[in-house]
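Working notes for the structure below.
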Amino acid sequence: MESDNSKPPQRRSVILGGGRQTLAVVLVLLLVIAFAKRGDPSLGILSPLVVIGVGLYLYFRVAKYLLGRAGLWIVVLTVVLGVVSFGFVQYQAFLRYEELVERLAQYDEITIMQHNGLPTSPVDQISFKNDVDDEAVEKVIAMPEFANVSHIYFDASKITDRGLRAVSHLKLEYIYIGVPEISEEAIAEFEEEHPKCSVIVSSHR
């Protein structure tokens with residue numbers, strides 16, 4: 001009597017059987033999340049798209065292995081809801097950004113920018129030009145929307161030492177000073193208080 005030495009077919013493991021692709025995708029996802037948490041502007045709007053794509057791949061892979069074909073519908077609905085929610089949040093943030101721009105239109109002239117590229121990313125650059133004075137700087141910088149500003153430009157505006165002091169509480173990385181009314185003493189004091197901030201003073205001010 002012949003013994004049957006055949007072994008039952010083994011299920012393919014997510015990690016061992018075809019796991020090299022999965023592990024590579026997991027690493028990509030972790031890298032994207034790490035850069036996104038740092039707010040790296042090099043990723044810009046691609047960050048959420050990569051995260052969604054990687055998450056979709058992993059969900060489908062795990063769902064097939066653990067839940068079977070029926071579980072894929074749950075995954076599809078989850079991903080669709082996630083994408084719709086993400087789009088809704090970005091749209092709401094875009095509307096708030098446009099409203100903020102309209103509020104700043106009363107001044108001549110203040111411009112803002114988001115380096116990350118997503119509506120939900122904080123405003124990190126602001127420029128004061130033309131007839132903007134110290135009072136306007138104080139009012140604008142006090143707005144909660146500008147708590148994360150890292151780059152400031154004082155260019156051809158009526159800003160004095162008072163305006164420079166108004167931004168001294170921010171964790172600035174860069175400030176451009178093209179205003180003749182700001183004294184050398186105030187600039188030296190600012191540089192001493194912000195050793196990590198790059199202070200550029202125009203030679204034509």
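Below are the figures for this structure:
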{"quantity": "Meets criteria (in contact with a helix residue (DSSP H, G or I) (Cβ under 7 Å, 6 or more places away or on another chain), part of a helix (DSSP H, G or I), farther than 30 Å from Glu181 by Cβ and outside the structural domain of Ile175 (by TED's automatic domain parsing)) for Val89", "calculated": "no"}
{"quantity": "Residue ranges of helices (runs of 4 or more DSSP H) in segment 100-205 with at least 3 members surrounded by fewer than 16 Cβ atoms within 10 Å (Cβ to Cβ)", "calculated": "134-141, 184-193"}
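The values are calculated or read from the model by the stated rules, or taken from the named source; none is laboratory data. The structure presented is a predicted model; accordingly, all values stated were derived computationally and were not measured. Using ideal geometry, Cβ is built from the backbone for each residue, glycine included, and neighbour counts are taken over all protein chains shown.
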